[in-house]
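Asks: Sharing a structure with you now.
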Amino acid sequence: MIVRGGTVVQGNEMVRADLRIRAGKIAEIAPALLPEGEEEVLDCTGLSVMPGLIDLHVHLREPGFERKEDIASGAAAAVKGGFTQICCMPNTKPVIDNKVVVTYIKARAKEVGLCKIHPIGAITEGQEGKTLSAIGAMKQAGAVALSEDGKSVASAGLMANAMMYAADFGLKCLCHCEDASLVDGGVVHEGYYATLTGLKGSIRAAEDIMIAREICLAESLGLPVHICHVSTYSGVQLIREAKARGVKVTAETCPHYFTLTDAAIRDFDPMTKVNPPLREERDRLAIIEGLKDGTIDCIVSDHAPHHADEKNVEYNFAAFGISGLETSFALSNTVLVKTGALDLCGLVRRMSTNPAGILSLAGGEIAVGAAADLAVADPDEAWTVDPEAFVSKGKNTPFAGQTVYGKIKYTIVDGEIKYREGGK
Ligand code: DOR
């Protein structure tokens, strides 16, 4: 196939070039390529050709919670969002804490055949915080990282052991940072809007203390650690300072933390309930600053689909989470690129190149010899978020009705078109 007429995002440059794809790989990059033999031509005139996006933090819910999402619907949402590789979190039922579940997910992902799916194993058995899970066996079966997802490992001693074992097997721990005793049933950020609504708040320190602890462990042990979904200005500062003194810490944030603030909770809309909670303008601006200066390495969706019955209830009873795969690129492009905070190359680095680097996944760049994993988008096209049009089973989004910029037109995985806008 020839991908013709697009603007190719290559590192820091946008280059007008055609791509020749052969046997699933990029065979040639040149200003004007002619089809040979039976080669198909994909007209991408006026479009941006980006390396396939990579999301390190996705909940696919299978096995166990298929009413919320399954591997087929989650993978369909991924390719619709421009993602060619996603990593799925272990809070399934059974928990991904052994090689059998890892093997099952890899097999299902292959059957579904849409994007590359990499399982993340739980740090402890059953995510119970007591005994380390079968780390080596999970790595052998194909797990790409470890995470306690949705909570922190309460014991610092156990977490230190986990980091050492993980490192022995070439894995990193991705840390959800939350001190449960400080959250103490809080459902929103502790601030003006918590007071206004009467909803129970949770202070920044609940997140920051655990970010600091994981940084201290990484520093003392000389091992890498990755901080999940950073939402506080103070967390950004802890990571910035740690990086400056050479700690091997990387970090992610999600579109909702740089697009929304806790003002969104004022109407008690359960779609705004997410963990960690939406914070204040000061935090939102610090997250953008952190993304700009490289303190925060990457953007993930924290795709957390839920069934309508779990969201259309009183705020206190609603599930935490946002269905994010289908809006992640457009929200990021709208709030970061259209405002000039980043250019498109910078966004691609944070949504593809850096995520690949953090977990040593092949991908994240357009180069001769690399897998032909591509996301082709019109970065200027405006569209309105309509949850009913989501292919994810999770229609839970606080962005319904919002106009965003950036439309994925094609997603190509190993040289095969896995998503075409409108199915054309
Ligand atoms: O909002 C969230 N939802 N945060 C998490 O950490 C977990 C996730 C989920 O699994 O629903």
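The values are calculated or read from the model by the stated rules, or taken from the named source; none is laboratory data. The structure presented is a predicted model; accordingly, all values stated were derived computationally and were not measured. Neighbour counts are summed over all protein chains in view; Cβ atoms, including those assigned to glycine, are modelled from backbone coordinates with ideal geometry. Keep in mind that these areas ignore ligands, DNA and RNA; they rest on the heavy atoms of the full protein, side chains included. Shrake-Rupley method; radii C 1.70, N 1.55, O 1.52, S 1.80 Å.
Asks: I'd like the distance separating the alpha-carbon centroids of segment 40-109 and segment 344-423, in whole Å.
Replies: 12
Asks: Got the relative contact order for segment 30-173 handy, in percent, Cα pairs under 8 Å and 6 or more residues apart?
Replies: 19
Asks: Measure of size requested: the Rg and Dmax of the chain, with Cα atoms as the atom set and Å as the unit; please supply both.
Replies: Spelled out, the Cα radius of gyration and Dmax of the chain are 20.5, 68 Å.
Asks: With only Lys, Arg, Asp and Glu charged, each at its Cβ (+1 for the first two, -1 for the last two), find how big the charge dipole of the chain is about the Cα centre; round to the nearest 20 debye.
Replies: I would put it at about 440 debye.
Asks: Pairing the Cα long axis of helix 71-80 with the longest principal axis of the chain, what angle in degrees results, from 0 to 90 and rounded to the nearest 10?
Replies: 60
Asks: Also, I was wondering about something else. Provide the net charge surrounding Gly126, with neighbours chosen by a C-beta distance below 11 Å and charges set as Lys +1, Arg +1, Asp -1, Glu -1.
Replies: Overall, the nearby charge balance is -2.
Asks: Also: Let me spell out the model: positive unit charges on the Cβ of Lys and Arg, negative unit charges on the Cβ of Asp and Glu, origin at the Cα centre of segment 17-136. What dipole size does that give, in debye rounded to 20?
Replies: Roughly 560 debye for segment 17-136.
Asks: For Arg16 paired with Glu281, estimate the spin-label separation in nm (one decimal), with each label point 7 Å from Cα along the Cα-to-Cβ line.
Replies: 4.2
Asks: Take Glu314 and Ala27, extend 7 Å from each Cα along the Cα→Cβ direction, and tell me the distance between the two endpoints in nm.
Replies: 6.4
Asks: What whole-number value in Å² describes the accessible area per residue of the chain for a 1.4 Å probe?
Replies: 37
Asks: Count charges around Ser202 for me, please; just the other residues with Cβ under 14 Å from its Cβ, Lys/Arg as +1, Asp/Glu as -1.
Replies: Summing Lys and Arg as +1 and Asp and Glu as -1 gives -4.
Asks: Could you work out the equivalent-ellipsoid semi-axes for segment 1-142, taking the square root of 5 times each eigenvalue of the Cα gyration tensor, largest first, in whole Å?
Replies: 38, 14, 14
Asks: Sort the following peptides by mean Cβ neighbour count (other Cβ atoms within 10 Å, averaged over residues), highest first: 378-390, 291-303, 362-374, 103-115.
Replies: So the peptides 378-390, 291-303, 362-374, 103-115, ranked by packing, come out 291-303, 362-374, 103-115, 378-390.
Asks: With label points built 7 Å along Cα→Cβ from the Cα atoms of Asp269 and Tyr192, find their separation and express it in nm.
Replies: It works out to 1.9 nm between the two label points.
Asks: Leaving out ligands, DNA and RNA, what percent of the accessible area of the chain is carbon and sulfur, probe 1.4 Å?
Replies: Carbon and sulfur atoms account for 52 percent of the accessible area of the chain.
Asks: Same structure again: Pairing the Cα long axis of helix 156-168 with the longest principal axis of the chain, what angle in degrees results, from 0 to 90 and rounded to the nearest 10?
Replies: On a 0 to 90 degree scale, this one is about 30.
Asks: Same structure, new question: Among bridges DSSP assigns within the chain, what percent are antiparallel (round to 5)?
Replies: Around 50 percent antiparallel, to the nearest 5.
Asks: Which residue, chosen from His118, Ala156, Leu238, occupies the Cα position most advanced towards the positive end of the dipole of segment 79-238, where the dipole is computed from +1 (Lys, Arg) and -1 (Asp, Glu) charges on Cβ about the Cα centre?
Replies: Towards the positive end, the residue furthest out is His118.
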